[in-house]
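S.K.: Just passing along the structure, written as structure tokens.
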Amino acid sequence: MAFDAEHGTISIGERRVGRGEPCFIIGEAGVNHNGSFELARELVDIAIDAGCDAVKFQTFKPEKVCSPLAPKAQYQLETTAAEESQLEMGRKLELPFDAFRDLHRYCTDKGITFLSTPFDYESADFLADLPVPAFKIPSGEITNLFFLEHIARKGRPLIVSTGMATLEEVRIAIEAIRAAGNQQMVLLQCVSNYPADPSSMNLRAMHTLEEAFGLSAGLSDHTVGTEIAFAAVALGGCVIEKHFTLSRELPGPDHHASLEPHDLRKLVQGIRNIEAALGDGIKRPVAEEMDTAAVARRSLVAAAFIPAGAALTVELLDILRPGTGLSPAMRPQVLGRRARHDIEAGTVLSLDMLA
């Protein structure tokens, strides 16, 4: 299926999101609040200060996500207590529903879009009632078709991360979402490691996803730094999702792969600069070049004194700066024409000097 520009965009609140629209920048607070509502609200302020379009959290009931025997990922073992289970870690990172109500209200008052990823049915139902303007589907749930269908039936646009997935798994997930009556999706290329290696990012897969499913695509970026996100935007990524934190030195599973506040500001500004630099693709000079053109281009110049009535020859012409006179390309048209009056050596020629 070729990319369908007409149906490749979604609406998140007042914003159109998709190919051809300004990049939708999601500051991923995730669980970097470490279970503290005060820190979560501070993360909202950081996202606002940076200029993010949305700030996103994660809403879950740990017992509905992890069995008591579920092990941690390797990156989690490296950044949290090795002896605790994934369930125990999740309990430390959980925020109650009332905290999300307050965060949603705070975001609304401050003018930033509130998003949160649900990881269980109860959390999805809560977020729908809050309400959130869109749902983010995490990579780990892309094969959980029953859950996808449940969220899809909420009728909200979906931002679907595709980490760890094959193209066929993505296809099956999209078919399940569409079968549930929801056509509103954008897809995110993702590598589900924290941090992810730049050499694994495969940014061209964004185009593969677009062409395969007729949907817009962006990037959920878990690499360190901002370069990979910038490259994704230059390639046409319509959404950038990036983890951020108050400090990378804080304890917790995701802080180490997150941007600190000053880097989040640089991310947003860099993306906006890249969008401005991409332009409309029409090759033409711009106003700020005109002064440079006048001094950097060349003109036809009298190579020696040219007396009135003399015919111009190649020997009487030079091609020198500035570029304020006749273009060098006009030399064939002026050869043989005669000087109307004496022309001093070094004079930049113009047509009114010639008969």
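S.K.: Mind checking which residues of segment 270-299 are over 19 Å from L235 (Cβ atoms) and surrounded by 11 or more Cβ atoms within 10 Å (Cβ to Cβ)? Show your work before the answer.
M.R.: Quick first cut of segment 270-299, residues over 19 Å from L235 (Cβ atoms) only: 282-299.
Once the filter is applied, which keeps residues that are over 19 Å from L235 (Cβ atoms) and surrounded by 11 or more Cβ atoms within 10 Å (Cβ to Cβ), segment 270-299 yields E289, T292, A293, A294, A296, R297, R298, S299.
S.K.: Shifting gears a bit: Could you grab the pairs with beta carbons closer than 6 Å, sequence gap of 6+ or different chains, first residue in segment 87-102 and free of Cβ contacts under 8 Å to residues at least 60 places away in the same chain, second one assigned to a helix (DSSP H, G or I)?
M.R.: L87/P62; G90/P62; R91/P62; E94/P62; F97/F126
S.K.: Then there's this: Under 7 Å between Cβ atoms, at least 6 apart or on separate chains: pull out the pairs that start in segment 330-355 with a residue that is within 14 Å of I319 (Cβ to Cβ) and end on any residue that is part of a loop (DSSP other than H, G, I, E, B) and among the small types (G, A, S).
M.R.: From residues that are within 14 Å of I319 (Cβ to Cβ), the pairs are V348/G325; L349/G325.
S.K.: Any residue at all in segment 104-119 that's in contact with a Gly (Cβ under 6 Å, 6 or more places away or on another chain) and surrounded by 13 or more Cβ atoms within 10 Å (Cβ to Cβ)? Steps first, answer last, please.
M.R.: In the first step, residues of segment 104-119 are kept if they are in contact with a Gly (Cβ under 6 Å, 6 or more places away or on another chain); the result is 113.
When the remaining residues are screened for being surrounded by 13 or more Cβ atoms within 10 Å (Cβ to Cβ), the result is 113.
Scanning segment 104-119, I find at least one residue that is in contact with a Gly (Cβ under 6 Å, 6 or more places away or on another chain) and surrounded by 13 or more Cβ atoms within 10 Å (Cβ to Cβ), so the answer is yes.
S.K.: If you don't mind, there's one more thing I want to ask. Of the residues A70, A99, A134, A128, which single one is touching a helix residue (DSSP H, G or I) at 6+ places or on another chain (Cβ under 9 Å) and under 30 Å from H262 (Cβ atoms)? Before you say what the answer is, go through the steps one by one.
M.R.: Working: A70 fails: under 30 Å from H262 (Cβ atoms); A134 fails: touching a helix residue (DSSP H, G or I) at 6+ places or on another chain (Cβ under 9 Å); A128 fails: under 30 Å from H262 (Cβ atoms).
After applying the criteria, what remains is A99.
S.K.: Do we find that E175 is farther than 26 Å from D102 by Cα, in a helix (DSSP H, G or I) and either aromatic (F, W, Y) or over 19 Å from the mean Cα position of the chain (by Cα) (or both) in this structure?
M.R.: Answer is yes for this residue.
S.K.: From L264, L259, grab the single residue that is at pLDDT 95 or above and closer than 23 Å to M89 by Cα. Reasoning before the result, please.
M.R.: On the way: L264 fails: closer than 23 Å to M89 by Cα.
Exactly one of L264, L259 is at pLDDT 95 or above and closer than 23 Å to M89 by Cα, namely L259.
S.K.: Let me ask you something else. Given the criterion in contact (Cβ under 8 Å) with a residue 12 or more places away in the chain, in contact with a helix residue (DSSP H, G or I) (Cβ under 8 Å, 6 or more places away or on another chain), on the phi > 0 side of the Ramachandran plot and not acidic (D, E), identify the matching residue among G218, G181, G237.
M.R.: Working: G218 fails: on the phi > 0 side of the Ramachandran plot; G237 fails: on the phi > 0 side of the Ramachandran plot.
Result: G181 is the single residue among G218, G181, G237 that is in contact (Cβ under 8 Å) with a residue 12 or more places away in the chain, in contact with a helix residue (DSSP H, G or I) (Cβ under 8 Å, 6 or more places away or on another chain), on the phi > 0 side of the Ramachandran plot and not acidic (D, E).
S.K.: Another one. If I go through segment 193-236 residue by residue, how many of them are part of a loop (DSSP other than H, G, I, E, B) and open to solvent by less than 40 Å² (accessible area, probe 1.4 Å)? Steps first, please.
M.R.: Of the residues in segment 193-236, the ones part of a loop (DSSP other than H, G, I, E, B) are 193-197, 201-204, 214-216, 222-226, 235-236.
Those still in the list that are open to solvent by less than 40 Å² (accessible area, probe 1.4 Å) too: 196, 201, 203, 214-216, 222-223, 225-226, 236.
Adding up the residues that qualify gives 11.
S.K.: Pick out, from segment 1-89, the helices (runs of 4 or more DSSP H) lying fully within it that include 3 or more residues that are in contact with a Leu (Cβ under 7 Å, 6 or more places away or on another chain) and either open to solvent by less than 60 Å² (accessible area, probe 1.4 Å) or under 23 Å from F119 (Cβ atoms) (or both). Let's see the steps before the verdict.
M.R.: Numbers: elements: 37-50, 62-65, 74-79.
Passing ranges, in order: 37-50.
S.K.: A further question follows. With the checklist (1) outside any loop (DSSP other than H, G, I, E, B); (2) out of contact with any strand residue (DSSP E or B) (no Cβ under 7 Å at 6 or more places or on another chain); (3) closer than 22 Å to Y194 by Cα; (4) of a type in the set (A, V, I, L, M) in hand, flag the one item A128 doesn't pass.
M.R.: The one condition A128 does not meet is (3).
Residues are listed down the side, and each one gets a yes or a no for (1) within 15 Å of C190 (Cβ to Cβ); (2) at pLDDT 95 or above:
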site: F213; (1), (2): no, yes
site: S220; (1), (2): yes, yes
site: T223; (1), (2): yes, yes
site: I228; (1), (2): yes, yes
site: A232; (1), (2): yes, yes
site: H243; (1), (2): yes, yes
site: E249; (1), (2): no, no
site: G252; (1), (2): no, no
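S.K.: Which condition number does G323 fail, the rest of (1) open to solvent by 60 Å² or more (accessible area, probe 1.4 Å); (2) farther than 26 Å from C23 by Cα; (3) not hydrophobic (A, V, I, L, M, F, W, C) being met?
M.R.: Among (1) open to solvent by 60 Å² or more (accessible area, probe 1.4 Å); (2) farther than 26 Å from C23 by Cα; (3) not hydrophobic (A, V, I, L, M, F, W, C), G323 violates only (1).
S.K.: Being within 30 Å of Y194 (Cα to Cα), in contact with an Asp or Glu (Cβ under 9 Å, 6 or more places away or on another chain) and aliphatic (A, V, I, L, M) narrows it down to one residue among L300, L259, L246; which is it? Talk me through it step by step, then tell me what you get.
M.R.: On the way: L300 fails: within 30 Å of Y194 (Cα to Cα); L259 fails: in contact with an Asp or Glu (Cβ under 9 Å, 6 or more places away or on another chain).
From the options L300, L259, L246, the qualifying one is L246.
The values are calculated or read from the model by the stated rules, or taken from the named source; none is laboratory data. Quick caveat: nothing in here was measured; it's all calculated off a predicted structure. Cβ coordinates were reconstructed from backbone atoms using ideal geometry, including for glycine residues, and neighbour counts include every protein chain displayed. To get the accessible areas, we keep the full protein, side chains included, count just its heavy atoms, and leave off ligands, DNA and RNA. Shrake-Rupley method; radii C 1.70, N 1.55, O 1.52, S 1.80 Å.
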